[in-house]
Amino acid sequence: MEDWVNWYKRVAKNYEAVWQNIGIADALSLTLSPIEKNENLLRSIGYFWSDTLNCFMFGCGPMTPTLMDVVMILGLDIHSTCPSPFALIECSYKIVDKAATHNWGQYIDHHKKLTGTVDHREHTAFLNLWLDHFLFCGSSLAPTKNYLDLANALASGTRLALGKLFLGVLYRHLSLNNTRLLSGH
């Protein structure tokens, strides 16, 4: 996604220090590496995953992703306040426009400025895409407003324990992967 890489570089010029401070810089930079979906690997993972125990069952014993793994691999914070949807300040402007953004590329085109400094609104739109597409792997074909208030808080420089949310989403996706495999899809 070349548009994403260019947008990342544009926003990073103004906000990389903020990202470092709130603990998302490493996870954001991982999005620059191209990763292809590997169906065979997903099937193999599903074979060993136990929904009952929330762990992989190997011959040598159980193994599960932990918060420490999230910190070491993604660099996400696990010690700050865990964001509650009821405690986040509601984003004061509309970013997700279903009429103008039917896919990720259109969303970037719609929200990425070509010149000038990156303002809070553009930064929030950028982080909303990152959260929805890269971190929490949203199921839609374009960003939703599901993470808009969270993106707004991050854009404002609020440090949040995203690692805990990520681990919960990872467990959910492992379970959904198993359900998909068992149903034959």
Unique match (being without any contact (Cβ under 8 Å) to a residue 40 or more places away in the chain and either touching an Asp or Glu at 6+ places or on another chain (Cβ under 9 Å) or not acidic (Asp, Glu) (or both)) among HIS111, HIS123: HIS111
Residue that is most open to solvent (accessible area, probe 1.4 Å) [pool: residues in the stretch 14-29 that are closer than 16 Å to ALA125 by Cβ and assigned to a helix (DSSP H, G or I)]: ASN14
Residue satisfying condition, being open to solvent by 20 Å² or more (accessible area, probe 1.4 Å), more than 15 Å from the chain's Cα centre (by Cα) and not small (Gly, Ala, Ser), within set ILE73, ILE89: ILE89
Hey, THR81 open to solvent by less than 60 Å² (accessible area, probe 1.4 Å), assigned to a loop (DSSP other than H, G, I, E, B), touching a residue at least 40 places away in the same chain (Cβ under 8 Å) and at negative phi or not: no
Hey, LYS98 modelled with pLDDT of 85 or more and open to solvent by 50 Å² or more (accessible area, probe 1.4 Å) or not: no
Residue within the stretch 154-164 that is within 17 Å of THR31 (Cα to Cα) and within 12 Å of the chain's Cα centre (by Cα) present: yes
Out of ILE45, ILE35, sole residue that is open to solvent by 40 Å² or more (accessible area, probe 1.4 Å) and touching a residue at least 12 places away in the same chain (Cβ under 8 Å): ILE45
Cross-chain or 6+ apart pairs with Cβ under 6 Å, the stretch 4-30 first and acidic (Asp, Glu), then surrounded by 14 or more Cβ atoms within 10 Å (Cβ to Cβ): ASP26/GLY75
Residues satisfying the stated conditions in the stretch 33-73, i.e. outside any loop (DSSP other than H, G, I, E, B), out of contact with any Leu (no Cβ under 7 Å at 6 or more places or on another chain) and under 30 Å from GLN20 (Cβ atoms): MET68, ASP69, VAL71, MET72, ILE73
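The values are calculated or read from the model by the stated rules, or taken from the named source; none is laboratory data. Note that this is a predicted model, so its numbers are computed, not measured. As a convention, Cβ positions derive from the backbone with ideal geometry for all residues, glycine included, and neighbour counts pool all protein chains shown. Please note that ligands, DNA and RNA were not included when accessible areas were found on the heavy atoms of the full protein model with its side chains. Shrake-Rupley method; radii C 1.70, N 1.55, O 1.52, S 1.80 Å.
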